[in-house]
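The values are calculated or read from the model by the stated rules, or taken from the named source; none is laboratory data. For clarity, every value in this text was computed on a predicted model and none was experimentally measured. Ideal geometry is used to build each Cβ from the backbone, glycine not excepted, and the neighbour counts take in all protein chains shown. Just the protein is used for accessible areas: all its heavy atoms, side chains included, with ligands, DNA and RNA removed. Shrake-Rupley method; radii C 1.70, N 1.55, O 1.52, S 1.80 Å.
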Amino acid sequence: MESTDYSREDLRAIAAGVGDRDGWDFSRMKTEREPVPWDYLEVATRYITPKDAVLDIGTGGGEKLLTLARHFDTAVGVDPDPDMIRAARANGAAFPNVTFAEMGAEELGFPDGSFDVVLTRHAPVSVPEVVRVLRPGGYFVTQGVGANNMADIRQAFGTGSGTQYDDEHRSRMDEFARLECRTVATGDYNVRYWVKDVPSLIFWFKAIAGANEVPEGFSIDRDWRIVQRIIAEHGGPDGVLTNEHRTLLVVWKP
Ligand SMILES: C[S@@+](CC[C@H](N)C(=O)[O-])C[C@H]1O[C@@H](n2cnc3c(N)ncnc32)[C@H](O)[C@@H]1O
């Protein structure tokens, strides 16, 4: 990043130019992070076989699920947000083995034992529903956001700590154990993460507003001083420095 000196007008002009998120697509952001111990999609492929039926809960625009399409027989991506399902159907138009349905994690409209693998990445989970729709011998693979994610940015926005993420991760593990499922793998990483330029930073804040780290209704008109402070305090030659904290859980249903 060349400069850390941005006026309100500069930030307004950048915000007007970055556009809005479509589905759950962050590919336009320029970012870099330290090496991490796992790649979620690579982990998912270890548990998926070519004859499998897969369910992805909270699929967003189906972006991640669709990248796995050649590894399974069929898949359904569900999300309660009709805009997400619209985006997912458009993204998935060329994938005949993947369908999408408007549905929340709390009540999955599928018979017991319908899926070989259930996936969810950064989305809510109802453990009894996951266990119900998994066939015996099936796997559940999830990546979550960790409690310390984007710590400096949370502090700047005053959005508080992410302890609920920790609680969720722990309570999910306990609940699976109570339902006699076996934890196959767990993981946790917290690495440095750089957002390489200010358009990427502002796109990101707009795109995740309301999702814990960045307050609901984020706008440059309201929040420009905070954005200025984040850039001034955390910006440098490599971009704006924050951190990425993720958790991993893989469970097997006997
Ligand atoms: C952070 S996005 C993740 C999208 C996608 N899994 C990915 O990793 O790219 C969270 C998604 O969860 C969805 N969601 C919110 N509440 C949900 C619920 N109760 N059940 C299932 N999905 C939900 C949102 O609409 C959103 O698409």
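What do you reckon, is Val43 more than 9 Å from the ligand (Cβ to nearest atom) and closer than 14 Å to Arg121 by Cα? Against the criterion (more than 9 Å from the ligand (Cβ to nearest atom) and closer than 14 Å to Arg121 by Cα), Val43 qualifies. The set of residues in the stretch 12-54 being under 29 Å from Asp83 (Cβ atoms) and of a type in the set (Lys, Arg) consists of Arg12, Arg21, Arg28, Lys30, Arg33. Looking only at the stretch 62-95, filter to residues that are among the charged types (D, E, K, R) and more than 9 Å from the ligand (Cβ to nearest atom); which one of those is farthest from Thr45 (Cα to Cα)? For the stretch 62-95, the residue satisfying everything is Arg86. The set of residues from the stretch 216-226 being in contact with a strand residue (DSSP E or B) (Cβ under 9 Å, 6 or more places away or on another chain) and surrounded by fewer than 17 Cβ atoms within 10 Å (Cβ to Cβ) comprises Glu216, Gly217, Ser219. Out of all the residues in the stretch 180-203, is one or more of a type in the set (D, E, K, R), at pLDDT 95 or above and over 22 Å from the mean Cα position of the chain (by Cα)? Scanning the stretch 180-203, I find at least one residue that is of a type in the set (D, E, K, R), at pLDDT 95 or above and over 22 Å from the mean Cα position of the chain (by Cα), so the answer is yes.
Return the residues of the stretch 133-155 that are away from the ligand (no atom under 15 Å from the Cβ) and either of a type in the set (Gly, Ala, Ser) or surrounded by 18 or more Cβ atoms within 10 Å (Cβ to Cβ) (or both); say none if nothing qualifies.
Correct list: Leu134, Gly137, Gly138, Tyr139, Ala147, Ala151, Ile153, Arg154.
Among the residues of the stretch 229-252, which ones are in contact with a helix residue (DSSP H, G or I) (Cβ under 6 Å, 6 or more places away or on another chain) and either under 30 Å from Pro128 (Cα atoms) or aromatic (Phe, Trp, Tyr) (or both)? Within the stretch 229-252, Thr247, Val251 meet the criteria. For the stretch 156-168, a residue qualifies if it is open to solvent by 40 Å² or more (accessible area, probe 1.4 Å) and either in contact with a helix residue (DSSP H, G or I) (Cβ under 6 Å, 6 or more places away or on another chain) or in a helix (DSSP H, G or I) (or both), and the qualifying residues are Thr163, Gln164, Asp166, Asp167, Glu168. In summary, helices (runs of 4 or more DSSP H) completely within the stretch 12-126 and bearing 3 or more residues that are among the hydroxyl-bearing types (Ser, Thr, Tyr) occur at 40-47.
Only residues that are over 15 Å from Phe140 (Cβ atoms) and basic (Lys, Arg) were counted across the stretch 31-47, and they come to 1. Restricting the first member to the stretch 103-121 and to residues that are farther than 16 Å from Tyr139 by Cβ, and the second to residues that are open to solvent by 40 Å² or more (accessible area, probe 1.4 Å) and more than 14 Å from the ligand (Cβ to nearest atom), the beta-carbon pairs closer than 7 Å and six or more apart or on different chains are Asp112/Arg132. Each residue in the stretch 50-61 was checked for being more than 12 Å from the ligand (Cβ to nearest atom) and among the acidic types (Asp, Glu), and 1 of them qualify.
Inspection of the stretch 180-197 finds a residue satisfying the criterion of being among the hydrophobic types (A, V, I, L, M, F, W, C), within 14 Å of Phe26 (Cβ to Cβ) and either part of a strand (DSSP E or B) or open to solvent by 40 Å² or more (accessible area, probe 1.4 Å) (or both).
Exactly one residue out of Ser171, Ser200, Ser161 is among the polar types (S, T, N, Q) and more than 21 Å from Thr247 (Cα to Cα), and it is Ser200.
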